[in-house]
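Bear in mind that the values in this text are calculations on the coordinates, not laboratory data. Since we're looking at a predicted model, the values are computed, not measured. Heads up, the Cβs are rebuilt from the backbone with ideal geometry, glycines too, and the neighbour counts pull from every protein chain shown.
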Amino acid sequence: NAGVMQNPRHLVRRRGQEARLRCSPMKGHSHVYWYRQLPEEGLKFMVYLQKENIIDESGMPKERFSAEFPKEGPSILRIQQVVRGDSAAYFCASSRTGITEAFFGQGTRLTVV
Amino acid sequence: EDQVTQSPEALRLQEGESSSLNCSYTVSGLRGLFWYRQDPGKGPEFLFTLYSAGEEKEKERLKATLTKKESFLHITAPKPEDSATYLCAVQLTGNQFYFGTGTSLTVIP
């Protein structure tokens, strides 16, 4: 019974490149949340998705960031033209129904050089 | 504006010294309150869910309680392995989870 799987665990990108972060939710979970965490800061909500739908993207920057959760396959958080300020840990969580607890993956640590 | 505030920011305890962590919230449309534990370099680990004022949940040395304005995480006779950052989160009626900044707990042997 695998937990939430995120890959890669560590990602290094040069400024201007694209970063693609993947999240496979727990089996039977159809709700996915993405969060960003900076050192010494809390988890900041970015986007909430259900299969094939974005439910709430109010925490995601309007430019360069996008997210999807297709019918088949993992959820993807895409950051285009990365800048140094995008360096952070990005966590994904999944929930079975959206009103039950969410379980987190181990995160992807993005470093922009 | 919806807010979740945790206190203290950091807490150092001697092994066996019981204490409480606080999570206060001002939100509209609370669906539930959740406690997580996060170890350095890892993702948050789910601990408890509380849905209504007066509710309590227990697990080993931890007990979580909820009122209309705040939640407490009580730690009884802590051990060094309880050292971690404890996060609380509120879930609103839109199903989003919003987190506080956490309490960093250090338990000294």
Taking the Cα centroid of the range A:1-32 and of the range A:57-113, what is the distance between the two, rounded to the nearest whole Å? 7
Going by the alpha-carbon gyration tensor, a ≥ b ≥ c the square roots of its eigenvalues, is the range B:29-109 rounded (a/c under 1.5) or, if a/c is not under 1.5, prolate (a/b greater than b/c) versus oblate? oblate
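What does the charge add up to near B:G16, with Lys and Arg as +1, Asp and Glu as -1, over the other residues with Cβ less than 12 Å from its Cβ? Please list the in-between numbers first.
Values: positive: B:R61, B:K79; negative: B:E15, B:E17, B:D82.
Within the 12 Å Cβ shell, the charges total -1.
Loop only by DSSP, 14 or fewer other Cβ within 10 Å of the Cβ. Give me the GluC sites (Glu not before Pro) in the range A:1-105 that pass, ordered by residue number. Numbers along the way, then the final one.
Numbers: sites: A:E18, A:E40, A:E41, A:E52, A:E57, A:E63, A:E68, A:E72, A:E101; in loops: A:E18, A:E40, A:E41, A:E52, A:E57, A:E63, A:E72, A:E101.
Those that pass, being in a loop and sparsely packed, are A:E18, A:E40, A:E41, A:E52, A:E63, A:E72.
Classify chain A as rounded, prolate or oblate from the Cα gyration tensor: take a ≥ b ≥ c as the square roots of its eigenvalues, call it rounded if a/c is under 1.5, otherwise prolate when a/b beats b/c and oblate if not. Intermediate results must be reported in sequence, preceding the final value.
Details: a/c = 1.69, a/b = 1.57, b/c = 1.07.
Since a/c reaches 1.5 and a/b is larger than b/c, the shape of chain A is classed as prolate.
Quick one: net charge of A:G73's neighbours, Cβ under 15 Å, K/R +1, D/E -1?
On the way: positive: A:R20, A:R22, A:K27, A:K51, A:K71, A:R78; negative: A:E52, A:E68, A:E72.
Combined, the nearby Lys, Arg, Asp and Glu give +3.
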Could you list, in their original order, any pairs among A:K27/A:K51; A:K27/A:K71; A:K44/A:K71; B:K59/B:K79 whose Cα atoms are separated by more than 19 Å? A:K44/A:K71
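Per residue of B:83-94, what is the mean number of Cβ atoms on other protein chains within 10 angstrom of that residue's Cβ?
Details: counts 0, 0, 1, 0, 2, 0, 7, 0, 6, 1, 1, 5.
Mean partner-chain Cβ count within 10 Å for B:83-94: 2.
Hey, got a sec? Which chymotrypsin sites (Phe, Trp or Tyr not before Pro) in the range B:25-88 land in a DSSP loop and have at most 16 other Cβ atoms within 10 Å? Spell out each step's value before the answer.
Working: sites: B:Y25, B:F34, B:W35, B:Y36, B:F46, B:F48, B:Y51, B:F72, B:Y86; in loops: B:Y51.
Passing both the DSSP loop test and the Cβ count: B:Y51.
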